[in-house]
Number of protein chains: 2
Amino acid sequence: MHALWVWAHPHASSLNGRLQEVGRNALEAAGWTVDEIDLYREGFNPLLVERGEADVRRHQERLRAADLLVVQFPLWWYSVPAILKGWIDRVFESGFAFDVPDPETGKPLKYGKGGLVGKRALTVVTAGDRAATLGPRGISGHIEDVLWPLLHGTFWYTGMDPLRPHLITDADTVDPQVMARIEGDLSVRLEGVMTEPRIAYRPMIEEHYDHTIKLHDSVAPGKDGLSAHLEG
Amino acid sequence: MHALWVWAHPHASSLNGRLQEVGRNALEAAGWTVDEIDLYREGFNPLLVERGEADVRRHQERLRAADLLVVQFPLWWYSVPAILKGWIDRVFESGFAFDVPDPETGKPLKYGKGGLVGKRALTVVTAGDRAATLGPRGISGHIEDVLWPLLHGTFWYTGMDPLRPHLITDADTVDPQVMARIEGDLSVRLEGVMTEPRIAYRPMIEEHYDHTIKLHDSVAPGKDGLSAHLEG
C-alpha cells in the first residue's frame with residue numbers, strides 16, 4: 001500500500017514534526033511506502049489564481065498514486081492552517097477531484113463518488129483545547145462537526161472514505177510520558193487504518209436526499225444537526 | 001461608524017468584486033467610513049511563521065479602528081480561501097484578538113469576551129450550491145454549521161458579535177435581473193447591520209458550561225448538534 005502524508009507546521013522541531021516522523025515510521029514498518037509533502041519546507045504557494053500550474057500537476061500525480069491520504073496539522077481557528085487550505089484549493093481541481101462525469105449518465109459524481117474514489121483519508125490534528133471542549137457538547141464544537149468542511153465537504157465530496165479524526169488535545173503541555181502515549185496511540189491507529197470503518201456519511205442518492213439535495217423528511221426525522229447526514 | 005471590509009477573490013471583475021463595490025457604496029451612502037482590504041490585489045502573505053511582523057501590526061490597527069468587520073469571499077471547499085484564512089491566522093494574534101486577560105481575575109477572556117469585543121462581524125459569502133443544499137438538512141450542511149469555525153470559533157471566540165451569514169447561492173449563474181436583486185438585498189442588509197440581532201451563541205459562563213467547558217446536561221438536553229450552543 002502507498003500513503004501520501006501531507007503536513008503543515010512552520011517549525012519542523014514541533015510536536016507536529018515529531019508526529020509525522022512517528023507516523024511514517026509506523027506505516028513503513030508495516031510494509032507501506034510513504035510519500036511526504038511538508039508544505040512549509042517545500043515553500044508551497046497556497047494562492048489559487050489560475051488552473052493547471054505545473055506544481056499542481058505534480059501534486060495531483062502524487063495524490064493519485066496514494067491509497068491513503070494523511071493530512072496532519074495544528075488546529076488554527078478551528079480549521080486548517082492557510083498553507084494547507086491552499087493545497088486543497090489548488091490541488092483538488094475540477095476534472096481531477098470533482099466534476100468528473102459519470103460514464104453512464106454524464107452527470108458529475110460527488111459525495112461518495114468523484115475523482116478520488118477508492119482512497120481513504122485520515123486527519124491527524126493537534127489542538128491546545130482540552131479534550132472535553134472538542135467532544136460532544138463541548139464549547140468548541142465536536143471535532144467531527146468542526147472539521148465538517150474537510151471531512152464531508154472535501155474528502156467525502158470527492159469520493160474518498162473519511163476516517164474519524166485522530167485528535168491530540170492539550171497539545172501545548174506534552175511531557176515525555178504523555179508524548180510516549182501519543183506516539184503509541186498514533187502507531188496503533190495507523191496499524192488498522194485500512195480496515196477501520198469510515199465515517200458513515202450518506203451517499204448522494206435518492207434513498208436519502210430529495211431533488212433539492214436535502215434529506216427527505218422521513219430520513220433522520222426532526223434532526224437538524226450535521227449528524228443527520230450519518231447513516232444508521 | 002467605521003467598517004473594515006476584507007475580501008478575497010483572485011479576479012476583481014468577478015461577482016465578488018462587484019459585491020464589495022455595492023456594499024461599500026451602500027455603507028458610505030448611509031454615512032459610514034469604509035476601509036477596504038483586497039487581499040489578492042494587496043498580495044497579502046498568508047503564511048504564519050513568526051509573530052508580530054510589520055504588515056500584521058498595520059492590519060491589526062485597521063481592525064482595531066472598525067465597529068463592523070465585513071469578511072467577503074467565495075465558499076471554497078466549504079470554507080474560506082487560503083489567503084483569507086492566512087489573514088486570520090496572522091492578524092488574530094494572541095494578546096490582540098485573544099488571550100487578553102480579564103483585569104479582575106487575570107484569566108483569558110473568550111467566547112463572548114476577548115480582544116475584539118464591541119465589534120460586529122458580517123460574512124458575505126458566494127457559493128455555487130443551490131440554496132437548499134446549504135439550508136437546514138441540505139447535503140452540504142446548513143451554512144451556519146459549515147461556517148462554525150469562523151462564526152463561533154473566530155468571531156465569537158474573540159468577543160465579536162457574529163451576524164447571520166449573508167449567503168448568495170447559485171453564484172455561477174447570475175443574469176442581470178438576478179444581479180439587480182442580489183445588489184438590492186445586500187444594500188438592504190447593510191442598512192440594518194448595526195441593529196439586527198447577533199447569532200445567539202451562549203457566552204462561556206457557568207450558567208451554560210461546566211468546568212470542562214461542555215454544556216451542562218440540563219442545558220439543551222439531549223441535543224448534540226452545534227445549535228445546542230444557541231440560547232433560547
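Quick check: is even one residue across region A:37-56 over 17 Å from A:Phe92 (Cβ atoms) and touching a helix residue (DSSP H, G or I) at 6+ places or on another chain (Cβ under 7 Å)? Within region A:37-56, one or more residues are over 17 Å from A:Phe92 (Cβ atoms) and touching a helix residue (DSSP H, G or I) at 6+ places or on another chain (Cβ under 7 Å). Identify all residues within region B:183-201 that are touching an Asp or Glu at 6+ places or on another chain (Cβ under 7 Å) and in contact (Cβ under 8 Å) with a residue 60 or more places away in the chain; write none if there are none. Within region B:183-201, B:Arg198 is the sole residue that qualifies. Residues in region A:208-219 that are more than 8 Å from every other protein chain (Cβ to nearest Cβ) and either among the aliphatic types (A, V, I, L, M) or surrounded by 13 or more Cβ atoms within 10 Å (Cβ to Cβ) (or both): A:His208, A:Asp210, A:His216, A:Val219. A:Asp172 meets each of the listed conditions (1) within 13 Å of chain B (Cβ to nearest Cβ); (2) at pLDDT 95 or above apart from (2). Of all residues in region A:90-109, those satisfying the criterion of being surrounded by 19 or more Cβ atoms within 10 Å (Cβ to Cβ) and at pLDDT below 95 are A:Val100, A:Leu109. Filtering A:Asp145, A:Asp161 for residues that are buried (at least 17 other Cβ atoms within 10 Å of the Cβ), more than 11 Å from every other protein chain (Cβ to nearest Cβ), modelled with pLDDT of 95 or more and in contact with a Phe, Trp or Tyr (Cβ under 9 Å, 6 or more places away or on another chain) leaves a single hit, A:Asp161.
Does B:Gln20 satisfy the condition of being surrounded by 20 or more Cβ atoms within 10 Å (Cβ to Cβ), polar (S, T, N, Q) and assigned by TED's automatic domain parsing to the domain that holds B:Gly184? Yes: the conditions hold for B:Gln20. Residue pairs whose Cβ atoms lie under 8 Å apart, sitting 6 or more positions apart in sequence or on different chains, and linking a residue in region B:86-106 that is assigned by TED's automatic domain parsing to the domain that holds B:Val117 to a partner that is surrounded by fewer than 21 Cβ atoms within 10 Å (Cβ to Cβ) and of a type in the set (Gly, Ala, Ser), are B:Glu93/B:Gly52. In region A:18-31, the residues that are over 11 Å from A:Glu183 (Cα atoms) form Cβ pairs under 7 Å with partners that are in a helix (DSSP H, G or I), at six or more places apart or across chains, as follows: A:Leu27/A:Leu190; A:Ala30/A:Glu191. Each residue in region B:179-203 was checked for being part of a loop (DSSP other than H, G, I, E, B) and either among the polar types (S, T, N, Q) or surrounded by fewer than 17 Cβ atoms within 10 Å (Cβ to Cβ) (or both), and 8 pass. Residue count for region B:118-144, restricted to those that are in contact (Cβ under 8 Å) with a residue 24 or more places away in the chain, touching a helix residue (DSSP H, G or I) at 6+ places or on another chain (Cβ under 7 Å) and in a loop (DSSP other than H, G, I, E, B): 3. Return yes when A:Thr212 is among the hydroxyl-bearing types (Ser, Thr, Tyr), in a loop (DSSP other than H, G, I, E, B) and in contact with a Ser or Thr (Cβ under 9 Å, 6 or more places away or on another chain) and no when it is not. Yes: the conditions hold for A:Thr212.
Among the numbered conditions (1) assigned to a helix (DSSP H, G or I); (2) farther than 26 Å from B:Gly184 by Cβ; (3) without any contact (Cβ under 8 Å) to a residue 60 or more places away in the chain, the only one that B:Pro10 does not meet is (1). One residue alone among B:Ala30, B:Ala82, B:Ala26 is in contact with a Gly (Cβ under 6 Å, 6 or more places away or on another chain), more than 17 Å from B:Gly118 (Cα to Cα) and modelled with pLDDT of 95 or more, and that residue is B:Ala82.
The values are calculated or read from the model by the stated rules, or taken from the named source; none is laboratory data. Since we're looking at a predicted model, the values are computed, not measured. All Cβ positions, glycine included, derive from the backbone under ideal geometry; neighbour counts span all protein chains shown.
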